[in-house]
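The values are calculated or read from the model by the stated rules, or taken from the named source; none is laboratory data. Please read all numbers here as calculations on a predicted model, not as lab measurements. Positions of Cβ are backbone-derived with ideal geometry, glycine not excepted, and every protein chain shown enters the neighbour counts. Accessible surface is based on the protein model in full, side chains and every heavy atom, while ligands, DNA and RNA are left aside. Shrake-Rupley method; radii C 1.70, N 1.55, O 1.52, S 1.80 Å.
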Amino acid sequence: SRFEYEDSYTLTRYLATDGYQGLRAALSRPANEVHDEVRTATVLGRGGAGFPAGTKWGLTPQGVYPRYLVVNGDESEPGTYKDRLLMERDPHQLIEGCLIACYAAGLSQCFLYIRGEMALAQERVAIALNDAYAAGYIGKNILGTHFSVDIVLHWGAGAYVVGEETALIESLEGNRGMPRLKPPFFPAANGLYGQPTIVNNVETLANLPWLMVNDSEAYTAIGTKTSPGTRMVAVSGHVKNPGVFEIINGTTTFRDLLYGAEFCGGIRNDNELKAFVPGGGSAPWFTADQLDLPFEASQVGPAGSMLGSGAIMVMDSTTDIPAAALTLTHFYAHESCGKCTPCRSGSGRIEEIFTNALGGDATQADLQECRELVVALKLASLCGHGTGLARFAESILRYYPTEIEPCFK
């Protein structure tokens with residue numbers, strides 16, 4: 001792994017470890033073949049939705065220009081930090097992925113949006129961009145071809161909701177980051193500045209250089225048919241060895257990850273596992289009963305949760321479940337952008353109910369209201385912010401009734 005080197009983020013180290021060979025391989029082929037390779041490999045989005053990147057690129061209308069690539073580096077889901085690590089330690093791999101995507105999709109302009117608090121990631125990416133421009137990997141007539149691309153670095157101001165693609169586009173345009181209505185604002189047809197726009201996650205694009213050096217057959221030989229390749233996951237909480245790990249899609253189980261010696265090495269102090277969040281703060285919680293599920297969306301989804309952004313938060317037997325729920329509820333209430341009433345009012349009211357519950361001032365009527373608010377947010381929220389809060393609140397009410405319900409008189 002390039003991460004093993006202290007200077008992994010430099011152009012010198014990147015070139016010494018086969019850097020920009022994927023771009024050279026892509027530029028030696030017609031753009032449509034590169035697009036087909038990504039589509040055939042079924043490179044799934046790593047930002048949360050898991051939508052195939054090659055399919056997404058094909059949704060843009062033909063013959064409409066200009067069109068843009070927007071890189072979603074606004075990693076803000078609670079528990080998620082694998083994209084930050086990629087940008088800090090391997091920015092050129094992201095840049096090379098951006099260039100390959102632009103070539104395959106016929107784009108000449110890319111915007112790289114990084115979360116406001118990620119100062120080191122911003123600094124490393126900025127230096128990498130300058131070095132790549134100076135070396136001729138970005139700009140006019142890249143590597144002596146007719147392919148030309150500009151990449152603009154933009155950083156946000158720390159709004160969680162800007163991780164949603166249309167809110168990110170609003171922020172890029174200089175507006176307050178709030179989600180747009182879909183339809184009509186599907187980014188593929190009506191995105192940045194009203195033009196066709198492809199929005200891809202950092203890790204998604206970082207997969208492309210390896211794919212180009214090898215091929216779709218080698219890529220799909222790893223993992224399963226519906227979830228090929230590897231993915232990065234960030235584990236935090238009550239484990240002996242938290243961190244970011246690369247796992248095999250579809251075959252590595254949560255038990256492998258949390259208890260395997262090569263990964264987390266077990267629960268801290270050898271305590272019992274009480275709960276784990278499989279896909280970031282907005283994912284419904286799981287219990288030890290789901291440990292043997294693999295990292296496979298087609299199995300995690302029917303079991304009641306989602307893989308999301310690849311963040312696993314672990315809670316052992318010492319955890320106060322109502323207090324942990326309040327912490328997450330406070331986050332979602334604070335970060336609501338306020339555009340839609342269900343989320344604006346409902347998130348604050350759910351936070352208030354949990355606060356009263358921990359203070360001994362909540363009633364059974366409040367518990368019933370909380371259940372009704374969960375339904376309302378799931379049905380009527382404009383974006384995933386409100387529905388995420390509702391899903392996680394619903395899961396703790398379902399899995400931990402003996403701890404939650406006594407808080408309500």
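Considering only region 139-180, how many residues are among the aromatic types (Phe, Trp, Tyr), over 23 Å from residue 64 (Cβ atoms) and assigned to a loop (DSSP other than H, G, I, E, B)?
0
In region 354-391, what count of residues is obtained for those that are in a helix (DSSP H, G or I), of a type in the set (Ser, Thr, Tyr) and out of contact with any Asp or Glu (no Cβ under 9 Å at 6 or more places or on another chain)?
Qualifying residue count, region 354-391: 1.
May I ask you to verify whether residue 383 is closer than 20 Å to residue 331 by Cα, surrounded by 16 or more Cβ atoms within 10 Å (Cβ to Cβ), touching a residue at least 24 places away in the same chain (Cβ under 8 Å) and among the hydrophobic types (A, V, I, L, M, F, W, C)?
For residue 383, the condition - closer than 20 Å to residue 331 by Cα, surrounded by 16 or more Cβ atoms within 10 Å (Cβ to Cβ), touching a residue at least 24 places away in the same chain (Cβ under 8 Å) and among the hydrophobic types (A, V, I, L, M, F, W, C) - is met.
Restricting to helices (runs of 4 or more DSSP H) lying wholly in region 181-220: which have 1 or more residues that are among the acidic types (Asp, Glu) and farther than 15 Å from residue 35 by Cα?
Output list reads 202-206.
Go through 368, 364 for me and flag whichever is among the polar types (S, T, N, Q) and touching a residue at least 24 places away in the same chain (Cβ under 8 Å).
364
Exactly one condition in (1) open to solvent by 10 Å² or more (accessible area, probe 1.4 Å); (2) touching a strand residue (DSSP E or B) at 6+ places or on another chain (Cβ under 8 Å); (3) of a type outside the set (A, V, I, L, M, F, W, C); (4) in a loop (DSSP other than H, G, I, E, B) is not met by residue 56; state its number.
That leaves (4) as the condition not met.
Out of region 67-88, which residues are open to solvent by 40 Å² or more (accessible area, probe 1.4 Å) and modelled with pLDDT of 95 or more?
Result: 84, single match.
So in region 34-53, with the set limited to residues that are open to solvent by less than 50 Å² (accessible area, probe 1.4 Å) and assigned to a helix (DSSP H, G or I), which one is nearest to residue 229 (Cα to Cα)?
Only one residue tops the list, namely 41.
Regarding residue 77, is this residue in contact (Cβ under 8 Å) with a residue 12 or more places away in the chain, of a type in the set (Asp, Glu), part of a loop (DSSP other than H, G, I, E, B) and on the phi < 0 side of the Ramachandran plot? Please lay out each step first, then the result.
Details: in contact (Cβ under 8 Å) with a residue 12 or more places away in the chain: yes; of a type in the set (Asp, Glu): yes; part of a loop (DSSP other than H, G, I, E, B): yes; on the phi < 0 side of the Ramachandran plot: yes.
Yes.
List pairs: first in region 11-25 and in a helix (DSSP H, G or I), second buried (at least 16 other Cβ atoms within 10 Å of the Cβ) and acidic (Asp, Glu), Cβ under 7 Å, 6+ apart or cross-chain?
11/131; 22/96; 23/96
Return yes or no: is residue 337 touching a residue at least 12 places away in the same chain (Cβ under 8 Å), touching a Lys or Arg at 6+ places or on another chain (Cβ under 8 Å) and among the hydrophobic types (A, V, I, L, M, F, W, C)?
Here the answer is yes, as residue 337 does meet what is asked.
Scan region 264-317 for residues that are among the small types (Gly, Ala, Ser), more than 15 Å from the chain's Cα centre (by Cα) and under 18 Å from residue 48 (Cβ atoms) and report the count.
Residues flagged as among the small types (Gly, Ala, Ser), more than 15 Å from the chain's Cα centre (by Cα) and under 18 Å from residue 48 (Cβ atoms) within region 264-317 amount to 5.
Determine whether residue 106 is touching a Phe, Trp or Tyr at 6+ places or on another chain (Cβ under 9 Å) and open to solvent by 10 Å² or more (accessible area, probe 1.4 Å).
Yes, satisfied.
Answer yes or no: is there a residue in region 264-272 that is in contact (Cβ under 8 Å) with a residue 60 or more places away in the chain, at negative phi and not in a helix (DSSP H, G or I).
No, because not a single residue in region 264-272 is in contact (Cβ under 8 Å) with a residue 60 or more places away in the chain, at negative phi and not in a helix (DSSP H, G or I).
Of the conditions (1) open to solvent by less than 10 Å² (accessible area, probe 1.4 Å); (2) assigned to a loop (DSSP other than H, G, I, E, B); (3) of a type in the set (A, V, I, L, M), residue 258 fails just one. Which one is it?
(2)
Name the one entry in 147, 111 that is open to solvent by less than 40 Å² (accessible area, probe 1.4 Å) and more than 22 Å from the chain's Cα centre (by Cα).
Within the list 147, 111, the selection yields 147.
Out of the residues in region 303-340 that are among the hydrophobic types (A, V, I, L, M, F, W, C) and part of a helix (DSSP H, G or I), which is most open to solvent (accessible area, probe 1.4 Å)? First the steps, then the outcome.
If we filter region 303-340 for residues that are among the hydrophobic types (A, V, I, L, M, F, W, C), which is where we start, we get 303, 306-307, 311-315, 321, 323-326, 328, 331, 333, 337, 340.
When the remaining residues are screened for being part of a helix (DSSP H, G or I), the result is 321, 323-326, 328, 331, 333.
Values: 321: 0, 323: 34, 324: 24, 325: 0, 326: 36, 328: 21, 331: 55, 333: 21 Å².
Only one residue fits best here, namely 331.
For region 89-98, what are the residues that are within 18 Å of residue 245 (Cβ to Cβ) and either open to solvent by less than 20 Å² (accessible area, probe 1.4 Å) or touching an Asp or Glu at 6+ places or on another chain (Cβ under 9 Å) (or both)?
Of everything in region 89-98, just one residue is within 18 Å of residue 245 (Cβ to Cβ) and either open to solvent by less than 20 Å² (accessible area, probe 1.4 Å) or touching an Asp or Glu at 6+ places or on another chain (Cβ under 9 Å) (or both), namely 90.
I'm told residue 122 meets every condition in (1) in contact with a Phe, Trp or Tyr (Cβ under 8 Å, 6 or more places away or on another chain); (2) modelled with pLDDT of 95 or more; (3) crowded, with 24+ Cβ neighbours inside 10 Å; (4) not in a strand (DSSP E or B) except one. Can you identify the failing condition by its number?
(3)
Within region 16-27, is there a residue that is open to solvent by 60 Å² or more (accessible area, probe 1.4 Å), at positive phi and not aromatic (Phe, Trp, Tyr)?
First, pick out the residues of region 16-27 that are open to solvent by 60 Å² or more (accessible area, probe 1.4 Å): 16, 18, 21, 24.
Right, trim to at positive phi and you get 18.
Cutting the leftovers down to not aromatic (Phe, Trp, Tyr) gives us 18.
The answer is yes; a qualifying residue exists.
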